[in-house]
Amino acid sequence: MPLDTYHAKRDFTKTPEPAGRVQPRKGGPRFFGVQKHLASHLHYDLRLEHGGVLMSWAVPKGPSLDPGERRLAMQVEDHPLEYGTFEGVIPEGYGAGIVLLWDEGTWEPEVDDVDAALKKGDLKFRLNGYKLKGSWVLVRTRGDDGRAWLLIKHRDEWAGPVDVTQFTQSVKSGGDFADILAQDQPEVWLSNRPARGGETGALFQRIIEKALALKAEREAKDEPARKPRTRTVRSAQPKRPAKRKPGPPAWRKPKKRSQD
Ligand code: MN
């Protein structure tokens, strides 16, 4: 089954990611999204809806609008449609880190038969997102068991010399990694963050510090305005609820936080 690998890699009692299921849809627009994922290595996950799931490629450098740039895109396991708009903190386990919804929209194949194009290793398509638009191609390269593809922008009115990865804000929350972490529990990685060394480790360190400061700032602002709190001190609570309900997909709905 298409989502077996996705499910096998995750413990849904420990991750806020949706379990999801295969959802074939007849006709209508196809979802596309890019999730910027700060995990053991920073990368951008490109997701294209096809066959009831999101086909997925991890792009280490992110997409480029320059047709002369070929960006390595490693195909990874299919994800459920519900994953497409997920944003949040994965505290531990597979993919531990921060997920930011960097772009979303719809895509259209520029070929008649998507399955045949995938099999051939040459999928031409159009994106209609906030950051990414126009014509693109994914070309499979040799090696890595056929998992390695190149993501290349076609020359059109949406191509250009601008480095699109310099735009770091979420299309869902408007925030950056630190904002997303500040809404969760920045303390989660004080002792053991997903990447310790190198550039990614340093990036994590900066983001954790910024998130802790943001959270402290927000709490200081919130405190006097609120009535005396009936809730118990957070630190007295277990670190995370034992189980988060996958629940309905969070399409656009602001995340409701339980009052603990
Ligand atoms: Mn990822």
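The values are calculated or read from the model by the stated rules, or taken from the named source; none is laboratory data. This structure is a prediction, so every number in the text was calculated from the model and none was measured. Don't worry about glycine lacking a Cβ; one is built from the backbone with ideal geometry, like all the others, and counts go over all protein chains shown.
Can Ile90 be described as under 12 Å from the mean Cα position of the chain (by Cα), more than 10 Å from the ligand (Cβ to nearest atom) and surrounded by 20 or more Cβ atoms within 10 Å (Cβ to Cβ)? Give the steps one after another, and end with the answer.
Details: under 12 Å from the mean Cα position of the chain (by Cα): yes; more than 10 Å from the ligand (Cβ to nearest atom): no; surrounded by 20 or more Cβ atoms within 10 Å (Cβ to Cβ): yes.
So Ile90 fails the test.
Looking at Pro63, Pro16, which is the one that is more than 25 Å from Val137 (Cα to Cα) and not hydrophobic (A, V, I, L, M, F, W, C)? It would help to see each step written out before you state the result.
On the way: Pro63 fails: more than 25 Å from Val137 (Cα to Cα).
Among Pro63, Pro16, only Pro16 is more than 25 Å from Val137 (Cα to Cα) and not hydrophobic (A, V, I, L, M, F, W, C).
What pairs come out if I take residues in the range 2-14 that are within 13 Å of Gly93 (Cα to Cα) and pair them with residues that are basic (Lys, Arg) and part of a loop (DSSP other than H, G, I, E, B) whose C-beta lies under 6 Å away, six or more apart or interchain?
Thr13/Lys243
Only residues that are touching a residue at least 12 places away in the same chain (Cβ under 8 Å) and either surrounded by fewer than 20 Cβ atoms within 10 Å (Cβ to Cβ) or among the hydrophobic types (A, V, I, L, M, F, W, C) (or both): list them for the range 184-193, please.
Pass one, the range 184-193, residues touching a residue at least 12 places away in the same chain (Cβ under 8 Å): 184-190, 193.
Once the filter is applied, which keeps residues that are touching a residue at least 12 places away in the same chain (Cβ under 8 Å) and either surrounded by fewer than 20 Cβ atoms within 10 Å (Cβ to Cβ) or among the hydrophobic types (A, V, I, L, M, F, W, C) (or both), the range 184-193 yields Asp184, Gln185, Glu187, Val188, Trp189, Leu190, Arg193.
Looking only at the range 2-12, decide whether some residue is modelled with pLDDT of 95 or more, in a loop (DSSP other than H, G, I, E, B) and within 13 Å of the ligand (Cβ to nearest atom).
No - not one qualifying residue is present in the range 2-12.
Can you tell me which residues in the range 187-213 are under 11 Å from Val89 (Cβ atoms) and assigned to a loop (DSSP other than H, G, I, E, B)?
Once the filter is applied, which keeps residues that are under 11 Å from Val89 (Cβ atoms) and assigned to a loop (DSSP other than H, G, I, E, B), the range 187-213 yields only Pro194.
Quick one: in the range 38-71, of everything that is among the basic types (Lys, Arg) and in contact with a helix residue (DSSP H, G or I) (Cβ under 8 Å, 6 or more places away or on another chain), which residue is surrounded by the fewest Cβ atoms within 10 Å (Cβ to Cβ)? It would help to see each step written out before you state the result.
Looking only at the range 38-71, we keep the residues that are among the basic types (Lys, Arg), and these are 47, 61, 70-71.
Filter once more, so that each one left must be in contact with a helix residue (DSSP H, G or I) (Cβ under 8 Å, 6 or more places away or on another chain): 47, 61.
Working: Arg47: 23, Lys61: 14.
The qualifying residue surrounded by the fewest Cβ atoms within 10 Å (Cβ to Cβ) is Lys61.
To keep it simple, each residue is scored yes or no on (1) touching a helix residue (DSSP H, G or I) at 6+ places or on another chain (Cβ under 7 Å); (2) part of a loop (DSSP other than H, G, I, E, B); (3) surrounded by 18 or more Cβ atoms within 10 Å (Cβ to Cβ).
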{"site": "Lys14", "(1), (2), (3)": "no, yes, no"}
{"site": "Gly20", "(1), (2), (3)": "yes, yes, yes"}
{"site": "Phe31", "(1), (2), (3)": "yes, no, yes"}
{"site": "Lys36", "(1), (2), (3)": "no, no, yes"}
{"site": "Ala73", "(1), (2), (3)": "no, no, yes"}
{"site": "Tyr94", "(1), (2), (3)": "no, yes, no"}
{"site": "Glu104", "(1), (2), (3)": "yes, no, yes"}
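What are the residue pairs meeting all of these: first residue in the range 194-217, first residue without any contact (Cβ under 8 Å) to a residue 60 or more places away in the chain and among the small types (Gly, Ala, Ser), second residue surrounded by 12 or more Cβ atoms within 10 Å (Cβ to Cβ) and not in a helix (DSSP H, G or I), Cβ atoms under 7 Å, and 6 or more apart or on different chains?
Gly201/Ala195
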